[in-house]
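K.L.:
Have a look at the structure that comes next, please.
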Amino acid sequence: MHFDLADLRLFIHIAESPSLTQGARRAFLSPAAASARIKALEGQLGSRLLYRDSRGVELTPAGERLLQHARLIMRQVDYLKSEFASNGAETAGHIRIYANTTAVTEFLPEVLARFLAERPAVTVDLQEKLSRDIVRGVLDGAADLGIIAGPVEATGLQVLHFSTDHLVLAVPLGHPLASEQRVTLRQTLAYQHIGLHDGSTLLSFLRDHVERLGETLSLRIQMSSFEAICRMVEAGVGIGIIPESAARRHSRTMQLATVELDEPWAMRERSILVRELEALPGSVRALIATLRPDVALLPVSENTDNLLTEQP
């Protein structure tokens, strides 16, 4: 059985697009030519790969399996090109990262700014994802690496712990909870919260824990960043649960009080997820070394036995 790399890349484009026409456009083919290539691929595999209707295309179970393998194959092809780039394996290439809310908004911008400034030929695609989607993306080869917080169960992935952060409660000065040393999540539910946007890992994480208490999270307003949440808290609009690193930074310029959360999940271990560290191109390994300089000195765990829980 012979696979054409161009056909596999075309299939990925179509699978990631709402329609065959748009997928064909991404591959610089006419819809008719793209359709003929997909039909030939289906004939070679002896399986139907796409359901086609007036609304677009949808992957069949066989198509889902092929997409996983095709992504891995094409990522390895990209890795090969990167490794043999004329300007050096560590200074060229494209890196796709799936990360949680805190990583995307808090520490990765600063890390990536330094990293990319030193490597003009490296490009990065950084996407905010939920924890389960981060794990799935790395497993499927859709992402080179994932950054996640909390325990993870992902057989086949290597897990590199690199830092710890805490969730804290930010309240306005003079708030009834400001004088408390520690509060539980249940105590905070008596007040209106300022939250992140729908789809953020932090909001999903908090809603899950509130539901386990049999309560509801009263959101007065949702913001797009931790800085915006802190500004609302400072103005007395409500209270917010945010990473300690964000609270510490913004409290330097805003009138805020922070209170520790008396919850076991408030302390989070941050981890990098990869399929196989040794097989990654130089640019990706260089980024991992930036996040965790001792990565080459310590053994890598294959997976953990803990249940994956959504962590921001």
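K.L.:
Could I have the simple spin-label model distance between Ser19 and Ala279, label points 7 Å from Cα toward Cβ, reported in nm to one decimal?
P.N.:
3.7
K.L.:
Restricting to the chain, compute how many DSSP beta bridges are antiparallel as a %, nearest 5. Before the final figure, lay out the partial values.
P.N.:
Values: 26 of 44 bridges.
Among the beta bridges of the chain, antiparallel pairing accounts for roughly 60 percent.
K.L.:
Still on this structure, please answer the following. Estimate the FRET efficiency between Ser54 and Leu5 by the formula 1/(1 + (r/R0)^6), using the beta-carbon distance for r and 35 Å for R0, to the nearest 0.05. Walk me through the intermediate numbers first.
P.N.:
Details: r = 31 Å, r/R0 = 0.88.
Efficiency for this residue pair is about 0.70.
K.L.:
A further question on this structure: Report D for the range 215-277 in µm² per second (integer): Stokes-Einstein, Kirkwood Rh on Cα pairs, 4 °C, 1.567 mPa s.
P.N.:
Details: Rh = 13.7 Å.
In µm²/s, the coefficient is 94.
K.L.:
Over the C-alpha atoms of the chain, what are the Rg and the largest Cα-to-Cα span, Dmax, in Å?
P.N.:
Expressed in Å, the Cα Rg and Dmax of the chain come to 22.5, 71.
K.L.:
While we're looking at this one, here's another question. How much length is gained if the chain between Glu263 and Leu189 is pulled fully straight, taking 0.36 nm per residue apart and subtracting their Cα-Cα distance, in nm to one decimal? Walk me through the numbers on the way to the answer.
P.N.:
Details: separation 74, 0.36 × 74 = 26.64 nm, distance 1.39 nm.
My answer for the length gained is 25.3 nm.
K.L.:
Okay, next question. Semi-axes of the equivalent ellipsoid for the range 108-221, please: Cα gyration tensor eigenvalues, times 5, square-rooted, ordered largest first, whole Å. Don't skip to the end; give the middle numbers.
P.N.:
Details: eigenvalues 217, 72, 37 Å².
Over the Cα atoms of the range 108-221, the semi-axes work out to 33, 19, 14 Å.
K.L.:
Could you quote the convex hull projected area for the range 5-80, Cα atoms only and averaged over all directions, in nm²? Display every interim value, and only then the final one.
P.N.:
Numbers: hull surface 18.7 nm².
The Cα convex hull of the range 5-80, projected and averaged over all directions, gives 4.7 nm².
K.L.:
Taking Cα atoms of the range 164-267, Rg/Rh with Kirkwood Rh, to two decimals? Before the final figure, lay out each step's value.
P.N.:
Working: Rg = 12.2 Å, Rh = 13.4 Å.
Checking Rg against Rh, the ratio lands at 0.91.
K.L.:
For Glu227 and Glu153, what is the calculated FRET efficiency with R₀ set at 30 Å and r taken between the beta-carbons, to the nearest 0.05? Intermediate results must be reported in sequence, preceding the final value.
P.N.:
On the way: r = 33 Å, r/R0 = 1.11.
After rounding, the FRET efficiency stands at 0.35.
K.L.:
Based on the Cβ-Cβ distance of Thr164 and His69, what FRET efficiency does E = 1/(1 + (r/R0)^6) give at R0 = 41 Å, to the nearest 0.05?
P.N.:
Details: r = 36 Å, r/R0 = 0.88.
The formula returns an efficiency of 0.70 here.
Taken together, the values in this text are just the output of simple stated rules run on the coordinates, not laboratory data. The model shown is predicted, which means the values in this text are computed figures rather than measured ones. Note that each Cβ is placed from the backbone with ideal geometry, even for glycine, and that neighbours are counted across all protein chains shown.
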